[in-house]
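What follows draws every value from the coordinates through simple rules; no lab data is involved. What you see is a predicted model; the values in this text were computed from it and never measured. Using ideal geometry, Cβ is built from the backbone for each residue, glycine included, and neighbour counts are taken over all protein chains shown.
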Amino acid sequence: MKAMSTRPALRWLVPAAAVAVVVGGGAAVGTLAATAEPSLPPRTAQQLLVDLQTARLEGLSGTVVQSADLGLPNLPSLSGGGSGTADIASLLTDTNTLRVWYSGPDKTRVALMGTLGETDAIRNGKDVWLWSSQQNKATHRTISDADTKSHALPNDLPVTPQEAADRALAAVDPTTEVTVGRSATIAGRDAYELVLAPRDKASLVGQVRIAIDAKEHVPLRLEIYPKGSDQTAFQIAFTQVDFARPDDAQFRFNPPPGAVVEEATGTPAKPDASHGKTPEDAGFTTVGEGWTTVAVVKGGKDDADAGKTEEGAQILSLLTPVSGAWGSGHLLSGRLFSVLLTDNGTIYAGLVAPERLYEVALENK
């Protein structure tokens, strides 16, 4: 069930091209955000799921902390150098602080606070701005009604617990056990806790814990625990939150004197856009179901040759060379997921151990 898609007011439409990955956190966020367990009236897991689906939010502002402990190697910069673009690799390994403002689906702002500057993504009606204070550069785009209706804006980074929770709730089906956890106080707010656990123990995910505001029914924190671990590999939480509608001035952006301003043209493409092709036509398939699904992206000669470029070789040098009856390639293995890049350009990925990827690769040989 996708709570975000059923509640447009909580879509948190962020026109940010900065990153397109899921990031999360470690124990530092919990230390900042949570205190003693409050006493709340009992609610069942089903009631909490209904609360999430029926919540209505007119406005919000606050501070969100993200940090990752995914067990990944030190990856090189993946930012690509674009205007207002954050370094994806740092979002996978470092602690990050964001300021967020929401005043309806067409008025949103996210500011990623860095040691060397600030990166902002702002939407005010049909105006979208990406701003990098470090580069002193802004990119403006005017979006159409068609862009909005088709959700063609790049918004794949969950910059709030709400977005992260919506993605986790999409996994609620017969493959998932749903229970109620311990209540908590987060950012000064009492919250219930909804716990999602894969029934298939082959998944590397042990539990997903979502803390839900007891009054507003909005997620305040999301944690993901690897199987067999009591240390989070993914966490995103509010450390301060205000449910009043922000002032409209927060969404008006005027480039400072001397800033470089670019006017973007054309329709913003989603990161997974396949130019009208079906996923199968684009070489994308899945094997299995639920939490142990393996995504398969078949590559061609260009993909196989990518590792011969300087950047490709740099990335491959940080991965583990592997081989077997399925062939040979390189492995990226973390606490929550594994990715296999074969030498023929095919990619296998899932919330599973590498051995499961090898099995699928052998079946598809």
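Out of residues 5 or more away from Ser67 or on other chains, whose amide H comes under 5 Å of its own, with H placed 1.01 Å from N in the peptide plane?
For Ser67, whose amide H was placed from the backbone, the distant partners under 5 Å are Gly24, Gly25, Gly26, Asn96, Gln235.
Starting from the Cα of Thr142, step 7 Å along the direction of its Cβ; do the same at Arg199; then give the gap between the two resulting points in nm.
Modelled inter-label distance: 5.3 nm.
Can you give me the pair-distance distribution of the range 167-250, C-alpha pairs, 5 Å bins, whole percents?
Once binned at 5 Å, the Cα pair distances of the range 167-250 give 3, 14, 22, 22, 16, 10, 6, 4, 2, 1.
Can you work out the FRET efficiency for the pair Ala353 and Met113, with r the C-beta to C-beta distance and R0 = 35 Å, to the nearest 0.05?
For Ala353 and Met113, the calculated efficiency is 0.45.
Measuring from label point to label point, each 7 Å out along Cα→Cβ, what is the Gln314 to Val178 span in nm?
Rounded to a tenth, the inter-label distance reads 4.4 nm.
With θ set to phi - 60°, apply the Karplus curve 6.51 cos²θ - 1.76 cosθ + 1.60 along the range 225-233 and write out the HN-Hα couplings as whole Hz, x wherever there is a Gly or Pro.
Values, residue by residue: 10, x, 4, x, 10, 9, 10, 5, 9 Hz.
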